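*Asks:* For reference, the structure I am asking about is given below.
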Amino acid sequence: MVTQLKKKRLRLYKDRLNIILDIAQTINEDHSIEDLLSEFEILLREELEVGKVLVYTHSDEKWKNLLISGVTEDEASDINVENDLLQYDTIESITLSHPPSLKGFDAVIPLFHRYKAIGYVLIGDIEEEQQGISPTIKHLKLIQIISNLIIVFVENKRMQQELLEQEAIKKEMELASRIQNQLVPSKHQLPKTSKLNIHTYYQPHMGVGGDYYDVFQLSRNTIGFCIADVSGKGMSAAMLMSNFQAVIRSAFTYRCNLKKLIHQLNARVNESANNEKFITLFLGRYNLITRRLSYVNAGHLPPMLYDVRKEQMSHLESGCIGLGMLDFIPSIEVGKVQIHKDSKLLAFTDGLVELDDGHQVESGSEDVEKTLNNSHPLEQNFQGLRKIIDRIERDGAAFDDISLIGLEFK
């Protein structure tokens, strides 16, 4: 029996290097984390005859179980790494003097990388020989080396995956940004007419916005315009808004029924967004001859209309709920306003009036109203609005995208 024991020990000693090389080869061949952990578990349980294995790793500022084998859920849940394991900085046998929470385990193996604790291995139910102690106890250093290799590999794999995901997100955001920029008309694409001055502004908060605005020449004497804000950001929001723009551009005409148009847009948003997103919209149609503005406000912030002749500010609120909030909009009110000469209209998204003070989002439109509530030309008003936006950015209070459409009726 003694001879067999010596042979077994000798074989284990000779196999040390081969074991490390096998693990290293598995790592170099870039196997999956699951395959590597499976090979590690087989090594511990079948070759070193370890009945219980718990491996903890520190990732994303949290301690997590990387491998649980031969351990019940109750045993694992009783262990708190910070309270029970951080005290160990060297390999220790705890068979005779284990803490209560580590009962049933025989050894604690701390794992370090650049002098920082990155993991712990607990092993238990080690198979003892009839004479002497289990050779496993003598190979705790080997287990430490292998465990260190595995955990560093797992962490590198995780970081690599994060980089790949970040790169994918970056590419998605770049594509979404290009889509978004194509949706927003440039200055030279805006309709030109002596009876209407048009001013616009667009500034996405995080590179890819959920805002959209457009101005259309519906007929020789009819101008259509809209401003919208989709919930959410990124590619899904950009694609939804792109689809939304296509429907507006094909269905919004100088003689279309605005109620029917809103129902059509609502159906398309429901179809495209699967009840996951909604859109607030202000849509207007202005006749240059009759000076009549017809509009629908679908859950959007009410645009401001300043009547220079009356020196009076009003808000355009008539309409309905946001698009995509319900399968069918029960009631839609079309607003109608007679526009006097030199009146000014300002439509905007919530980034202009909802500000982050560091603790909560506060809403207030007083500064915006003050900027518009005068007889100054709209171009001068926009200069004042730019100062407000610059102050928002400077104070770090920007919360969302900022889009503006200004119309000055001549």
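*Asks:* For the range 211-337, which whole-number percentage of the solvent-accessible area (1.4 Å probe, protein heavy atoms only) is attributable to carbon and sulfur atoms?
*Replies:* Ligands and nucleic acids excluded, carbon and sulfur reach 47 percent.
*Asks:* By how many nm would the segment from residue 242 to residue 95 lengthen if fully extended, with 0.36 nm per residue of separation less the alpha-carbon distance?
*Replies:* Values: separation 147, 0.36 × 147 = 52.92 nm, distance 6.61 nm.
Additional length available on full extension: 46.3 nm.
*Asks:* For the peptides 338-349, 310-321, what is the packing order when you average, over each peptide's residues, the other Cβ atoms within 10 Å and list the highest mean first?
*Replies:* On the way: 338-349: 20.3, 310-321: 15.7.
In decreasing order of mean packing, 338-349, 310-321 become 338-349, 310-321.
*Asks:* A further question on this structure: How much FRET efficiency would the formula 1/(1 + (r/R0)^6) give for residue 162 and residue 276, where r is the Cβ-Cβ distance and R0 is 25 Å, rounded to 0.05?
*Replies:* On the way: r = 25 Å, r/R0 = 1.01.
After rounding to 0.05, the efficiency reads 0.50.
*Asks:* Across the range 252-300, what fraction of all alpha-carbon pairs, as a whole percent, falls in each successive 10 Å bin from zero upward?
*Replies:* Over the range 252-300, the share of Cα pairs per 10 Å bin runs 23, 49, 22, 6, 0 percent.
*Asks:* Per residue, what accessible area does the range 197-308 have, given a 1.4 Å probe and all protein chains present, in Å²?
*Replies:* Heavy-atom accessible area per residue stands at 38 Å².
*Asks:* Could I have the simple spin-label model distance between residue 34 and residue 68, label points 7 Å from Cα toward Cβ, reported in nm to one decimal?
*Replies:* A separation of 1.8 nm, rounded to one decimal place.
*Asks:* Assuming R0 = 41 Å, can you tell me the calculated FRET efficiency for the pair residue 178 and residue 290, based on Cβ-Cβ distance, to the nearest 0.05? Could you put the intermediate results ahead of the total?
*Replies:* Values: r = 39 Å, r/R0 = 0.96.
Rounded to the nearest 0.05, the efficiency is 0.55.
*Asks:* Okay, moving on. Per residue of the range 77-85, in order, report the coupling 6.51 cos²θ - 1.76 cosθ + 1.60 (Karplus, θ = phi - 60°) as ³J(HN,Hα) in whole Hz, putting x for Gly and Pro.
*Replies:* Whole-Hz 3J(HN,Hα) from phi for the range 77-85: 5, 6, 9, 10, 4, 5, 7, 9, 10.
*Asks:* Pop out the carbon and sulfur fraction of the accessible area of the range 76-126 as a percent, whole number, probe 1.4 Å.
*Replies:* Roughly 47 percent, rounded to a whole number.
*Asks:* In addition: Please list the three semi-axes, largest first and in whole Å, of the ellipsoid equivalent to the range 210-283, using sqrt of 5 times the eigenvalues of its alpha carbon gyration tensor.
*Replies:* The three semi-axes for the range 210-283 are 22, 13, 9 Å.
*Asks:* At what distance in angstrom do the alpha carbon centres of the range 368-410 and the range 197-275 lie from each other?
*Replies:* 22 Å
*Asks:* Report, to one decimal in Å, the Kirkwood hydrodynamic radius for the range 229-329 based on all distinct Cα pairs.
*Replies:* Values: mean 1/r = 0.0685 Å⁻¹.
By the Kirkwood definition, the hydrodynamic radius is 14.6 Å.
The values are calculated or read from the model by the stated rules, or taken from the named source; none is laboratory data. Source: prediction; values computed, not measured. Ideal geometry is used to build each Cβ from the backbone, glycine not excepted, and the neighbour counts take in all protein chains shown. For the accessible areas, the whole protein counts, side chains as well, though only heavy atoms, and no ligand, DNA or RNA atoms are used. Shrake-Rupley method; radii C 1.70, N 1.55, O 1.52, S 1.80 Å.
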